[in-house]
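**Q** Got a structure here, written out as structure tokens. Questions coming.
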Amino acid sequence: TGQRLGSNHQPFATAARPLSRSGPMAHQSGPRREAIRVLSQNLWVGLASVNRQARCDEFATLLRDYDVVMVQEIGCLAVAGKETLGFREWLMARLRREGFSYFAFPPLPFMGACTGLLICSRLRLRNPEHVIFKQFSGLEKISGKGAVLVRLDIKGAPPLHLLNVHLQKNSGSTSVEARRSQLEQVVSLLAGRVDVAIGGDFNIDGRSDVEEYTSMMQALAPVEDPLGRTDLLSTPITCPVAKSRQDYVLMHNPKRWEAAPGSAAVRKLGAGVQGVSDHFAVECSFVSTSTL
């Protein structure tokens, strides 16, 4: 049986079951270096999205190789503080069957849309924190978007922090200004942290919008983009409909963890032209550079 800590009003839930470590976490050759494989996926499971349960189920079957999964847009509507018309609870129950025992998410509002953010882990998560963004543009005002931060505890290795983010969508000056304000809240949440693996849908096109991409990287500095940005043609697409790169896995303030060289990649998960979502996933492995 599992034990659930907290409630929908608290930014954390965990199912405290025994955890098998025969899964994807591995030791690197040479000196002992823990490796954590992270995936970020905008799952496009809003209230009006199509084939939600089938796509969530397919998604869950494709995560065997990952230690941590950061999900955006697993949305729901809260009524009297309880989830309705959503798939977050369903997806967590499904992922427990795949060996993910620990989950972190922002609290549900009493009434309204939830952020759609979820961190799923095979390893214990601690010290959850979150922000709900204050500034939005247009209909995003009812989206409840924000960010959630947790610490990943790994025996024999330094802690690795995880941050899941979903920023304002759309182009135009008011949307750009909203994202700038939202990034300021993210930076405040990061204050004083080291070794933070950041995943999320930033809605900032790293292919064509060099100016806003550069501003994002400067705001989050010191930060590394393991996929990098070169030019319009060679920078990978993560949103095929828009032909844009707006999904990222980054490393903020690396001290005792680093992105494993060559491990960052864009993945289309699932069958068909589009797969499980209208976004592709981004993955990266992080390795510890020191031991406790």
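The values are calculated or read from the model by the stated rules, or taken from the named source; none is laboratory data. All values derive from a computational prediction rather than experimental measurement. So basically every Cβ, Gly included, is an ideal-geometry build from the backbone, and we count neighbours across all protein chains shown. These accessible areas exclude ligands, DNA and RNA; they are computed on the full protein's heavy atoms, side chains included. Shrake-Rupley method; radii C 1.70, N 1.55, O 1.52, S 1.80 Å.
**Q** Please express the shape of the chain as an equivalent ellipsoid: the semi-axes are the square roots of 5 times the eigenvalues of the C-alpha gyration tensor, given largest first in whole angstrom. Show your work: numbers first, answer last.
**A** Numbers: eigenvalues 127, 114, 72 Å².
Each semi-axis is √(5λ); the values are 25, 24, 19 Å.
**Q** Also, I was wondering about something else. Using a/c under 1.5 as the rounded threshold, could you call the stretch 75-205 rounded, prolate or oblate? The axes a ≥ b ≥ c are square roots of the C-alpha gyration tensor eigenvalues, and prolate needs a/b larger than b/c, oblate otherwise. Please list the in-between numbers first.
**A** Details: a/c = 2.17, a/b = 1.22, b/c = 1.77.
Verdict is oblate for the stretch 75-205.
**Q** Got a sec? What order do LYS155, LYS169 fall in by accessible area at 1.4 Å, biggest, i.e. largest, first?
**A** Solvent-accessible surface, decreasing: LYS155, LYS169.
**Q** Along Cα→Cβ, 7 Å out, is where each label goes; now give me the distance between the ones at THR84 and THR214 in nm to one decimal.
**A** Those two pseudo-labels are separated by 4.9 nm.
**Q** What number, in percent, do you get for the relative contact order of the chain if the mean sequence gap of Cα pairs under 8 Å and at least 6 apart is divided by its residue count?
**A** Values: 709 pairs, mean separation 54.7, N = 292.
Result for the chain is 19 percent.
**Q** Working from the pairwise distances between different alpha carbons, so that the mean of 1/r is found and then inverted, what is the stretch 34-129's Kirkwood radius in Å? Walk me through the intermediate numbers first.
**A** Numbers: mean 1/r = 0.0733 Å⁻¹.
One decimal place: 13.6 Å for the Kirkwood radius.
**Q** With every protein chain present, what accessible area does VAL131 have (1.4 Å probe, heavy atoms only), rounded to the nearest 10 Å²?
**A** Result for VAL131: roughly 30 Å² accessible.
**Q** Cα gyration tensor of the stretch 156-289, axes a ≥ b ≥ c as square roots of the eigenvalues: rounded (a/c below 1.5), prolate (a/b > b/c) or oblate?
**A** Taking the square roots of the gyration eigenvalues as a ≥ b ≥ c, the stretch 156-289 is oblate.
**Q** OK, next. Of all alpha-carbon pairs in the stretch 59-107, indicate the percentage at a distance above 17 angstrom.
**A** On the way: 411 of 1176 pairs.
So the portion of pairs separated by more than 17 Å is 35 percent.
**Q** In addition: How do THR291, THR238 rank by accessible surface area computed with a 1.4 Å probe, from largest to smallest?
**A** Numbers: THR291 80, THR238 0 Å².
Result of the area sort, largest leading: THR291, THR238.
**Q** Now for a different question. If I model a spin label at LYS268 and SER171 as a point 7 Å from the Cα along the Cα→Cβ vector, what separation in nanometres do I get?
**A** Placing both labels 7 Å along Cα→Cβ, they lie 2.4 nm apart.
**Q** Rounded to the nearest 0.05, what FRET efficiency is calculated for ASP278 and ARG256 with R0 set to 41 Å and r the Cβ-Cβ distance?
**A** On the way: r = 36 Å, r/R0 = 0.88.
Calculated transfer efficiency: 0.70.
**Q** Using Cα springs under 10 Å in a Gaussian network model of the chain, which residue among ILE154, ILE132, ILE74 shows the largest mean-square fluctuation?
**A** ILE154
**Q** Follow-up. Accessible area per residue of the chain at 1.4 Å probe, in Å²?
**A** Working: 12440 Å² over 292 residues.
In whole numbers, the chain has 43 Å² accessible per residue.
**Q** Heavy atoms only, 1.4 Å probe, whole protein assembly: order VAL186, VAL223 by accessible area, highest first.
**A** Values: VAL186 0, VAL223 30 Å².
Largest accessible area first, the residues go VAL223, VAL186.
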